[in-house]
Every structure is written in C-alpha cells, then in structure tokens.
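Structure first, commentary second.
The values are calculated or read from the model by the stated rules, or taken from the named source; none is laboratory data. Model, not experiment: these values are computed from the prediction. Cβ sites come from the backbone with ideal geometry, for glycine too, and all protein chains shown count toward neighbours. SASA here: full protein model, heavy atoms, side chains in, ligands and nucleic acids out. Shrake-Rupley method; radii C 1.70, N 1.55, O 1.52, S 1.80 Å.
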Amino acid sequence: TLYPERITAITMLAQVADLTSTWAQKQGLQIAVDAADDVFIMADERRLKQVLLNLISNAINYSPNGGTVTLR
C-alpha cells in the first residue's frame, strides 16, 4: 500500500544527500543538492527515498573520482 503525502523536494534530496555523503567522500566524490524550496512532490516518502537511494548509489559507483553527483 502506498501512502502519498506532500513532500518538499529539497528536504527529501537533502536527506538522501546526508545519507550518502560519507560513502561518496570515500569514493572521492561530492554530493550537491540543487533544488528550489518551493517545489513539492506527492509521493510515498519511504518508497521515494528507496528509489533515490538506488539511483544515487549507482551514480556514486559509476562516477569517476573527483567528480560531483548533483541531486536536482
């Protein structure tokens, strides 16, 4: 069952960036968040976070050292 709710995009992206920043640094990468604070999403917060973590994990794994992964 999905539980959609109104989520601020920048808050979600910042949470995911915080969760992955240490790992990214170990890989020689930086995580950047580029989002306006007035953008909202209707989504199941838990499921959206799972999807974003999977995508960012792939970005970290396959990006060259010294790069930046930008969440926009």
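What are the residue pairs meeting all of these: first residue in the stretch 45-65, first residue farther than 18 Å from residue 28 by Cα, second residue assigned to a loop (DSSP other than H, G, I, E, B) and among the aliphatic types (A, V, I, L, M), Cβ atoms under 9 Å, and 6 or more apart or on different chains?
Qualifying pairs under 9 Å: 47/2.
Residue by residue, here is whether (1) within 18 Å of residue 10 (Cβ to Cβ); (2) of a type in the set (A, V, I, L, M, F, W, C); (3) out of contact with any Ser or Thr (no Cβ under 9 Å at 6 or more places or on another chain) holds:
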site: 29; (1), (2), (3): no, yes, no
site: 37; (1), (2), (3): yes, no, no
site: 40; (1), (2), (3): yes, yes, no
site: 43; (1), (2), (3): yes, yes, yes
site: 47; (1), (2), (3): no, no, yes
site: 56; (1), (2), (3): yes, yes, no
site: 62; (1), (2), (3): no, no, yes
site: 66; (1), (2), (3): no, no, yes
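Restricting to the stretch 11-56, and then to whatever is closer than 15 Å to residue 68 by Cα, in contact with a helix residue (DSSP H, G or I) (Cβ under 8 Å, 6 or more places away or on another chain) and of a type in the set (S, T, N, Q), can you tell me which residue is most open to solvent (accessible area, probe 1.4 Å)?
Applying the filter and picking the extreme gives 30.
Pull out all pairs, ordered by first then second residue, where Cβ-Cβ is under 8 Å, the residues are six or more apart or on different chains, the first lies in the stretch 15-42 and is at positive phi, and the second is open to solvent by 100 Å² or more (accessible area, probe 1.4 Å).
28/65
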